[in-house]
Amino acid sequence: MFAQEARQYIEKLIRLQKKIEAKGYRYIDHGAVKQAREHLKNQLEFYPYNTDDKMRRFWDHHRSEIRGLIPSESHRCFKKLMTEFINLQNQ
């Protein structure tokens, strides 16, 4: 089910970015990542997006913010997270 998989993936990215920030890492687009993280978190908490159609519209509308939460290529989880992103994008 796309809705559940996509929600779990986005929530995982949000948690990961919180951990990265808590460890003190900073990057060029830190403000944009923080803003995207908060925006996506608020959207997911407020709206259920519980059907595949609703989540697909959410995903398509916020694709660049979701992609922006994926850490850089130097992060050990980059390849796995990018593969998941591509798989969800192609569903």
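The values are calculated or read from the model by the stated rules, or taken from the named source; none is laboratory data. Remember, it's a predicted structure, so these values are computed and weren't measured experimentally. Virtual Cβ from ideal backbone geometry, glycine too; neighbours counted across all protein chains shown. Accessible surface areas use protein heavy atoms only, side chains included; no ligands, DNA or RNA. Shrake-Rupley method; radii C 1.70, N 1.55, O 1.52, S 1.80 Å.
To the nearest 500 deg cm²/dmol, what mean residue ellipticity at 222 nm is calculated for the chain from DSSP H runs of n ≥ 4 alone, each contributing -39,500 (n - 2.57), summed and divided by the residues?
-24500 deg cm²/dmol
Note the full-extension length gain between E38 and E11 as 0.36 nm times their separation in residues minus their Cα-Cα distance, in nm to one decimal.
8.6 nm
When only Cα pairs under 8 Å and 6 or more residues apart are kept, what is the percent relative contact order across the stretch 15-91?
Normalised by residue count, the contact order of the stretch 15-91 is 29 percent.
On a 0 to 90 degree scale, rounded to 10, what angle separates helix 30-46 from the longest Cα axis of the chain?
Roughly 30 degrees, rounded to the nearest 10.
Could you compute the FRET efficiency for E45 and R76, with r as their C-beta to C-beta distance and R0 at 35 Å, rounded to 0.05?
0.80
Under 10 Å, Cα contacts only: if you run a Gaussian network model on the chain, which one of H75, H61, H30 comes out with the highest mean-square fluctuation?
H75
Report, to the nearest 10°, how far helix 78-89 tilts away from the longest principal axis of the Cα atoms in the chain, using its own Cα long axis and a range of 0 to 90°.
20 degrees
Using only Cα atoms, find the angle between the long axis of helix 52-68 and the longest principal axis of the chain, and express it within 0 to 90 degrees, rounded to the nearest 10.
10 degrees
Taking all protein chains as present, what is the carbon and sulfur share of the accessible area of the chain, in % to the nearest whole number, probe 1.4 Å?
Answer for the chain is 52 percent, counting heavy atoms of protein chains only.
Assuming a viscosity of 1.306 mPa s and a temperature of 10 °C, what translational diffusion coefficient in µm² per second does Stokes-Einstein assign to the chain, Rh being the Kirkwood radius over Cα pairs?
Stokes-Einstein gives a translational diffusion coefficient of 119 µm²/s.
Accessible area per residue of the chain at 1.4 Å probe, in Å²?
66 Å²
Report the net charge of residues surrounding M82, where surrounding means a beta-carbon distance below 10 angstrom and charges are Lys +1, Arg +1, Asp -1, Glu -1.
Around M82, the charge tally is +1.
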